[in-house]
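The values are calculated or read from the model by the stated rules, or taken from the named source; none is laboratory data. Just so it is clear, the model here is predicted, and its values are computed rather than measured. A quick note on method: Cβ atoms are made from the backbone with ideal geometry, for glycine too, and the neighbour counts reach across all protein chains shown. These accessible areas exclude ligands, DNA and RNA; they are computed on the full protein's heavy atoms, side chains included. Shrake-Rupley method; radii C 1.70, N 1.55, O 1.52, S 1.80 Å.
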Amino acid sequence: MAPTLFFNDQLDVAHHANAFFREFDGTAEFSFTERERIDIVTEGEATEATQLATRLADEGCPVRYLEAEDVSEQFPQFDLEEFAGAVLYEDTGWVDPYTYATALQTTAMARGATFELDVEVTDIRVDNDQIEGLETDDGTVDADVVVIAAGWRTRSLLPDDIDVPIQPYRTQIVVLEPETSLSDEFPLGRVGTEHVYFRPEHNGDLLVGGSHHTTDDPRSTSTDADESFRVEIADLVPEFIRGFEDADLVNGWAGVDVASPDTSPIIDSPANAPEGLVVATGFNGLGIMTSPVVGPTVRARLTGSEPEFSTEPFATDRFEGVGVDFDYISTSDI
C-alpha cells in the first residue's frame, strides 16, 4: 500500500486512500500493517528521485531521499553498493487481501447489500439505450444500473460496439525464507529497474513479485511461478539484501491482472455506453490500494456527487482515440 508513490500527481486520491485503510483497520478481521517503504534507484534515476522526494516533502508528505549508505545505516540488511540510494516513504504498509475482502463484504451486508456467489453473468440487458439488468446462468436480474468490475473479463461483458482500452497481463510472485527471519523493521520496497517489488511477511519471510508480461490467452496461463522467474529472483535478491544467499523457496504463484494505457484505473461510463452502465477496471495490480476511491467515483458518475478527491484521473475520455493495442507500461516504470 503506497498511494503517495503511485498517485504522487493526485495527492488528494493518495490522502483519501491512506485515510481509508487506517480508519478501516480493526473492522471485522481486517488489519493494516504500517511499514516504511524504500524505492531503490540507480545513479541514472537519482536526480529525478531526489526531485520527487523533495516535491512530496514540500507538499507535506512523509517522504525523503536517502543516499545508499544512509539506507544501509537505517536498514542494515540492505547492501546498495550497486545503487545510488532510495526514496523513503513513511506512510506505507500492507494488508491481507482475503481479510480485507471479507471485511468489506461484512460491512456491505450490514448496510443491506446481498452477494450471489457462484453465479455467472452471461450478458448485459439493454433496451432503448438504457440498462435493463443482467442475464445469468441462474436467471434474469432486473437493474437500472450495472457496474462491471470484472478485471480482464470486462471487455467480454460489454454490449456490442462498446469497448475500453485494457490488456490482460500475467504477473508472478515467490516467497523466500531467509537464513534468519526478517525483523519487524524490515521495509517494503521496489527495484524499478529490475521490475520487482518486495515486502516482508508476518512470519519473517520475504514476498517478491514481478515478471509482468501481456498475454493474449489469460484463461490458459499457468498459475505457477515459472522456473526462470524463480532463478531470476534467487540471483537478484542476494545482490542487495543480506541473508538470502541460501534462502529457501517457500512457494510461488502467478495470476492475470489487467492494465490500462497509463497505469491508472478506468472508473467511468465508456464512450457510447447505455445509460446506467459504469466500468471499474484497469487497476494494473494496484486494485486493493486503489479500492477506496472506487465506490465514491462510481457514485459520482451515477449521481453527480462530488467526493473529496478529483475523479478526472479515472475518466475514459483521457483515452480518446486509444485502442486496445496500446504499448503496455508496468507500474514499475512509475
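Worth a mention:
- Result for the chain in a Gaussian network model with C-alpha springs under 10 Å: among SER264, SER220, SER305, the largest mean-square fluctuation is at SER220.
- The charge dipole of the chain, taken about the Cα centre with unit charges on the Cβ atoms of Lys, Arg (+1) and Asp, Glu (-1), comes to about 720 debye, rounded to the nearest 20.
- Whole-number percent relative contact order across the chain, with pairs defined as alpha carbons under 8 Å at least 6 apart: 20 percent
- Expressed as a whole percent, the accessible area of the chain that falls on carbon and sulfur atoms is 44 (1.4 Å probe).
- Principal-axis analysis of the Cα atoms of the chain puts helix 294-303 at an angle of about 30° to the longest axis.
- In order along segment 120-128, the Karplus-derived 3J(HN,Hα) couplings, from 6.51 cos²θ - 1.76 cosθ + 1.60 at θ = phi - 60°, round to 9, 7, 9, 6, 9, 8, 10, 9, 6 Hz, and Gly and Pro are given as x.
- Comparing ASN128, ASN272, ASN18 in a Gaussian network model of the chain, where Cα atoms under 10 Å apart are tied by springs, the biggest mean-square fluctuation is seen for ASN128.
- Accessible area in square angstrom per residue, segment 223-334, 1.4 angstrom probe: 47 Å²
- Dividing the C-alpha radius of gyration of segment 1-95 by 2.2 N^0.38 Å, with N its residue count, gives 1.16.
- By the helix-only formula, in which each DSSP H run with n ≥ 4 contributes -39500 (n - 2.57) and the sum is divided by residues, the chain has a 222 nm mean residue ellipticity of -7000 deg cm²/dmol.
- Summed residue charge, Cβ within 12 Å of GLU116's Cβ, Lys/Arg positive, Asp/Glu negative: -4
- Among PRO265, ALA300, SER222 - extreme Cα towards positive end, dipole of segment 222-333, charges at beta-carbon: ALA300
- Value of relative contact order over segment 135-219, rounded to a whole percent, pairs C-alpha under 8 Å and six or more apart: 29 percent
- The angle between the Cα long axis of helix 43-58 and the longest principal axis of the Cα atoms of the chain comes to about 70 degrees, rounded to the nearest 10.
- Residues of segment 9-37 with amide N under 20 Å of the 7 Å Cα→Cβ point at SER181: 31-36
- With Cα atoms, 0 to 90° folded angle of helix 227-236 axis to the chain main axis: 40 degrees
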